[in-house]
Amino acid sequence: MAEPVVRIPDAKVVLSTASVYPESTATAFEVAARLGYDGVEVMVWTDPVSQDIEALRRLSDYHRMPVHAVHAPCLLITQRVWSTDPWVKLQRAKAAAEKLGASTVVVHPPFRWQRQYARDFVRGIWRMADETDVRFAVENMYPWRYRDREMLAYAPDWDVTKDDYRHFTIDLSHTATSRTDTLAMVDRMGDRLGHVHLADGKGSAKDEHLVPGRGDQPCAELLERLARTGFDGHVVIEVNTRRAMSAAEREADLAEALAFTRLHLASATRIS
């Protein structure tokens, strides 16, 4: 009988710059290089360096850390970053990805109060995707909850599989918050799953972004499935380390997340 061999898929394991917050974007490049990540995903937000393509290029070159993805400024705190016009934000994210050599722009569905943007969003994302080789990977979100009340904050829907997009991002902290069957959502995404935000959660109303393995999400099962199917997108560690008491504790969390991911992406396969 043949001995099992370890087969590693082509997926890159990438660090989101959001994972070092409240430290800087520059710190994220340094940490990613030191821990052995394959590159970074730049979260564009209030840190001026995250908005500066030339500064990002210099960091990438200095640390030899490629930028594999750009997360467009879609958060409440980034409503004025790169314009107040959401389409301008996406155009600038696309331009940044092209200049930095990134293959993916991550984008959230609109907030419901962005009515015109929401109305045109699905068609607009297809239109932008037709203009570039960069993937626009639309990310699953979640209902907002307070006690026993629920508010649907995203449109057309927080469950992005209800609409027709060319590429999806699955975020496992968001599936925890929305109390969604993660693997069923992955099945609905099918071969349009192009990007993974790996984190964990316990179903809290808060978007927890725990280190993988510390919640109840099927992080290991998803990684093993990606390995079996030859997933060639990016697996991005996007975790919350704000409560770390020191830089060393933060790095330990990020090292644990990387080790967990690499372990479960390594699938044992028998060959004849």
Total residues in region 213-230, condition more than 17 Å from His174 (Cα to Cα) and in contact with a Ser or Thr (Cβ under 7 Å, 6 or more places away or on another chain): 3
Answer residue from region 98-141, given it is among the hydroxyl-bearing types (Ser, Thr, Tyr) and open to solvent by less than 30 Å² (accessible area, probe 1.4 Å) and is nearest to Asp157 (Cα to Cα) among those: Tyr117
Residue list for region 161-199, restricted to those being assigned to a strand (DSSP E or B), open to solvent by less than 10 Å² (accessible area, probe 1.4 Å) and closer than 13 Å to Ala137 by Cβ: Phe168, Thr169, Ile170, Asp171, Gly194, His195, Val196, His197
Single condition His71 does not satisfy, out of (1) touching a helix residue (DSSP H, G or I) at 6+ places or on another chain (Cβ under 9 Å); (2) more than 19 Å from Gly233 (Cβ to Cβ): (2)
Wholly within region 1-116, strands (runs of 3 or more DSSP E) carrying at least 3 residues that are within 16 Å of the chain's Cα centre (by Cα): 12-16, 40-43, 67-71, 104-107
One residue from Asp52, Asp10 being farther than 22 Å from Ala247 by Cβ and free of Cβ contacts under 8 Å to residues at least 12 places away in the same chain: Asp52
Residue in region 22-39 that is aromatic (Phe, Trp, Tyr), over 18 Å from Asn240 (Cβ atoms), open to solvent by less than 30 Å² (accessible area, probe 1.4 Å) and without any contact (Cβ under 8 Å) to a residue 40 or more places away in the chain present: yes
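Yes or no, residue by residue, for (1) among the polar types (S, T, N, Q); (2) open to solvent by 30 Å² or more (accessible area, probe 1.4 Å); (3) modelled with pLDDT under 95; (4) part of a strand (DSSP E or B):
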site: Glu221; (1), (2), (3), (4): no, yes, no, no
site: Ala227; (1), (2), (3), (4): no, no, yes, no
site: Gly230; (1), (2), (3), (4): no, yes, yes, no
site: Thr241; (1), (2), (3), (4): yes, no, no, no
site: Thr261; (1), (2), (3), (4): yes, no, no, no
site: Thr269; (1), (2), (3), (4): yes, yes, yes, yes
Members of region 123-143 that are touching a Phe, Trp or Tyr at 6+ places or on another chain (Cβ under 9 Å) and assigned to a strand (DSSP E or B): Phe136, Ala137, Val138, Glu139
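The values are calculated or read from the model by the stated rules, or taken from the named source; none is laboratory data. What you see is a predicted model; the values in this text were computed from it and never measured. Here the Cβ is made from the backbone with ideal geometry for all residues, glycine too, and neighbour counts use every protein chain on show. Only protein heavy atoms, including side chains, enter the accessible area calculation; ligands, DNA and RNA are left aside. Shrake-Rupley method; radii C 1.70, N 1.55, O 1.52, S 1.80 Å.
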